[in-house]
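The values are calculated or read from the model by the stated rules, or taken from the named source; none is laboratory data. Note that the coordinates shown come from a computational prediction; the quantities given were computed from them, not determined experimentally. Note: ideal-geometry Cβ built from the backbone for every residue, glycine included; neighbour counts use all protein chains shown.
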Amino acid sequence: MSGEPGRLIVFEAPEGAGKTTQLQLLTAWLGARGLPHLAVREPGGTPLGDEIRAILLDPARELSARTEALLFMTSRAELVARVIRPALERGVMVFADRFFLSTYAYQVHGRGLPFAEVRAANALATGGLVPDLTLLLTLRASERAARAARRGAADRMEGAGDDFHERVAAAFARFASADWQEAHPECGPIVDIDASGSEREVFARVLAALAARWPRAFEPDVVPR
């Protein structure tokens, strides 16, 4: 990827859809091909962000919706300034396990915070950084619940309740529509990825979506086994 601009590619999904697994498969695939890349996660990715992550995910914590949102934004601002932008400037492809689309789903639609205020706060946190592509993994609710149950004890966000997660999932479903994307240019292009089937089947879809945008970097000639 030397000499080419850096790209920010985001993996998004409701709980249990398998986005983290797919990101891990992709980074392994890139590593096997010797392609420079960087994987980050939200919240976290910096010393301050990791401390905030521990607070946000601690099931014993009680946080107001606004406090929760601002903590996510603080972690994001630090990650963008100290990790993501410098990597992009070096021409590195950055892959993020969640970004601000999750804030729209979880804090706006899930918690009920005002969209305009959250949108403005996010613009401040990101400095206007727009993802080059977001891969939005979608899966039926029953399958998501089964996968999430296999992960063990729920963290604070995972344990927020069925009604909350239904609102979040419904929001993610709306984000995949062309009309929604046209009204929200700050989110960049969003591609819906069917997350049903085996991990390898889903990964083939992920790779195909990336190859459609950047064929030289993501030719799907070798799928890790």
Just one of the numbered conditions (1) surrounded by fewer than 20 Cβ atoms within 10 Å (Cβ to Cβ); (2) under 24 Å from E166 (Cα atoms); (3) aliphatic (A, V, I, L, M); (4) in contact with a Ser or Thr (Cβ under 9 Å, 6 or more places away or on another chain) is not true of A39; which one? (2)
Looking at T27, T21, which one is touching a residue at least 60 places away in the same chain (Cβ under 8 Å), closer than 20 Å to D132 by Cα, assigned to a helix (DSSP H, G or I) and within 15 Å of the chain's Cα centre (by Cα)? T27
Checked pairs for region 48-63, first within 15 Å of E158 (Cβ to Cβ), second of a type in the set (G, A, S) and exposed (fewer than 15 other Cβ atoms within 10 Å of the Cβ), C-beta under 6 Å and 6 or more apart or across chains, list as P59/G159
Go through (1) within 16 Å of F172 (Cβ to Cβ); (2) outside any helix (DSSP H, G or I); (3) small (G, A, S) and name the single condition A105 misses. (2)
Assuming L26 fulfils every condition listed in (1) at pLDDT 95 or above; (2) hydrophobic (A, V, I, L, M, F, W, C); (3) more than 20 Å from L101 (Cα to Cα); (4) exposed (fewer than 15 other Cβ atoms within 10 Å of the Cβ) apart from one, which condition is it? (4)
Being at pLDDT 90 or above, surrounded by 17 or more Cβ atoms within 10 Å (Cβ to Cβ) and assigned to a helix (DSSP H, G or I): is that true of R205 here? yes
Out of the residues in region 98-108 that are among the hydrophobic types (A, V, I, L, M, F, W, C) and within 15 Å of the chain's Cα centre (by Cα), state the one that is surrounded by the fewest Cβ atoms within 10 Å (Cβ to Cβ). L101
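Is it fair to say S75 is at pLDDT 95 or above, hydroxyl-bearing (S, T, Y) and in contact with a Pro (Cβ under 6 Å, 6 or more places away or on another chain)?
It is true that S75 is at pLDDT 95 or above, hydroxyl-bearing (S, T, Y) and in contact with a Pro (Cβ under 6 Å, 6 or more places away or on another chain).
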Subset of region 81-97 that is of a type in the set (A, V, I, L, M) and under 14 Å from the mean Cα position of the chain (by Cα) - its residue that is surrounded by the most Cβ atoms within 10 Å (Cβ to Cβ): A96
